[in-house]
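Enquirer: Dropping a structure here in structure tokens format, bear with me for questions.
The values are calculated or read from the model by the stated rules, or taken from the named source; none is laboratory data. All values reported here derive from a predicted model rather than from experimental measurement. Cβ placement follows ideal geometry from the backbone for every residue including glycine, while neighbour counts extend to all protein chains displayed. With ligands, DNA and RNA removed, areas are computed over all heavy atoms of the protein, side chains included. Shrake-Rupley method; radii C 1.70, N 1.55, O 1.52, S 1.80 Å.
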Amino acid sequence: GNNLKKLGTSVFGVNEITKVIIPESIGEIPGGLFTMNPITELTIEDGITKIGPSAFVGHQLTELTIPSSVESIGRMAFKSGNRYAKTGPLETLNLNEGLKEIGAQAFINNILKDVKVPSSLEKIADDSFKGNVGVENKGVV
């Protein structure tokens, strides 16, 4: 809800949650918030400024849009795969202007084929897009 202002680390971790709407009222998505959930639908409302580390590890998203209010995406935030499957289904990633930093291994082990980098981006950490099967050359970006 709209009255929700803050969530702790890993609050919804290791469940069977498949659909998530992150309200702008919380401002930042804490680390591990939905780690190890088979999320297939994710809406991040405009107004969120930060996505914490490992927030969505193990997701099952095929498409993801990061709103322009998000300035940083933490380490392994959208790391895919789990102990049963090395890669996840994320194929389409939309990064909007306003994003400044992508953490290490933020999108590791997905099947991204093409990522358009916004001109606002200042830093892409090591291995941010490593292990994407859609990548034929050195990098996905």
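Enquirer: Pairs of alpha-carbon atoms within less than 8 angstrom and 6+ residues apart define the contacts here; what relative contact order does the stretch 54-134 have, in percent? Before the final figure, lay out each step's value.
Expert: On the way: 225 pairs, mean separation 24.6, N = 81.
Across the stretch 54-134, relative contact order equals 30 percent.
Enquirer: Mind checking which lysines have their Cα closer than 24 Å to the Cα of Lys6? Skip sequence neighbours fewer than 8 apart in that chain.
Expert: Of all the lysines, those that pass the test against Lys6 - Cα under 24 Å, at least 8 places apart if same chain - are Lys19, Lys50, Lys79, Lys100.
Enquirer: Using a 1.4 Å probe over the heavy atoms of the protein chains, calculate the carbon and sulfur portion of the accessible area of the chain as a whole percent.
Expert: Values: 3460 of 7420 Å².
Exposed carbon and sulfur together represent 47 percent of the surface.
Enquirer: Gain in length, Thr43 to Glu122, computed as 0.36 nm per residue apart minus the alpha-carbon separation, to one decimal in nm? Walk me through the numbers before you get to the answer.
Expert: Numbers: separation 79, 0.36 × 79 = 28.44 nm, distance 2.45 nm.
Going from the current span to full extension adds 26.0 nm.
Enquirer: If you don't mind, another one. How would the stretch 20-64 be classified by its alpha-carbon gyration tensor: rounded, prolate or oblate, with rounded meaning a/c under 1.5 and the a/b versus b/c comparison settling the rest? Numbers along the way, then the final one.
Expert: Values: a/c = 2.26, a/b = 1.36, b/c = 1.67.
Oblate is the answer for the stretch 20-64, as a/c is 1.5 or above yet b/c matches or exceeds a/b.
Enquirer: Hey, what's the stretch 1-139 come to in accessible area per residue, 1.4 Å probe, Å²?
Expert: Here the residues of the stretch 1-139 average 53 Å² of exposed surface.
Enquirer: Using 18 Å as the cut-off for backbone N distance, which residues of the stretch 63-78 belong to the label zone defined by a point 7 Å from the Cα of Thr92 along Cα→Cβ?
Expert: Under 18 Å, as judged by backbone N against the label point of Thr92, lie 63-68 of the stretch 63-78.
Enquirer: What does the extension gain come out to for Leu7 and Ile26, with contour length at 0.36 nm per residue minus their alpha carbon separation?
Expert: Stretched out fully, the Leu7 to Ile26 stretch lengthens by 6.1 nm.
Enquirer: Can you give the relative contact order of the chain as a percent, counting alpha carbon pairs under 8 Å and 6+ residues apart?
Expert: This gives 17 percent for the chain.
Enquirer: I'd like the Karplus ³J(HN,Hα) series for the stretch 120-130: coefficients 6.51, -1.76, 1.60, θ = phi - 60°, whole numbers in Hz, and an x wherever there's a Gly or Pro.
Expert: Calculated HN-Hα couplings, in order: 6, 5, 10, 8, 10, 6, 3, 6, 4, 10, 5 Hz.
Enquirer: For the chain, build the convex hull from the C-alpha positions and give me its volume per residue in Å³.
Expert: Values: hull volume 12.4 nm³, N = 141.
Here the figure is 88 Å³ per residue.
Enquirer: For the stretch 50-57, in order, what is each residue's ³J(HN,Hα) by Karplus, 6.51 cos²θ - 1.76 cosθ + 1.60 with θ = phi - 60°, in whole Hz (x at glycine and Pro)?
Expert: 3J(HN,Hα) across the stretch 50-57, in whole Hz: 8, 10, x, x, 6, 4, 10, 4.
Enquirer: Any idea what the dipole of the chain comes to, in debye rounded to 20, about its Cα centre with Lys/Arg Cβ at +1 and Asp/Glu Cβ at -1?
Expert: 420
Enquirer: Within the set of other residues whose C-beta is less than 11 Å from the C-beta of Gly52, count the net charge using Lys and Arg as +1 and Asp and Glu as -1.
Expert: Computed value for this residue: +1.
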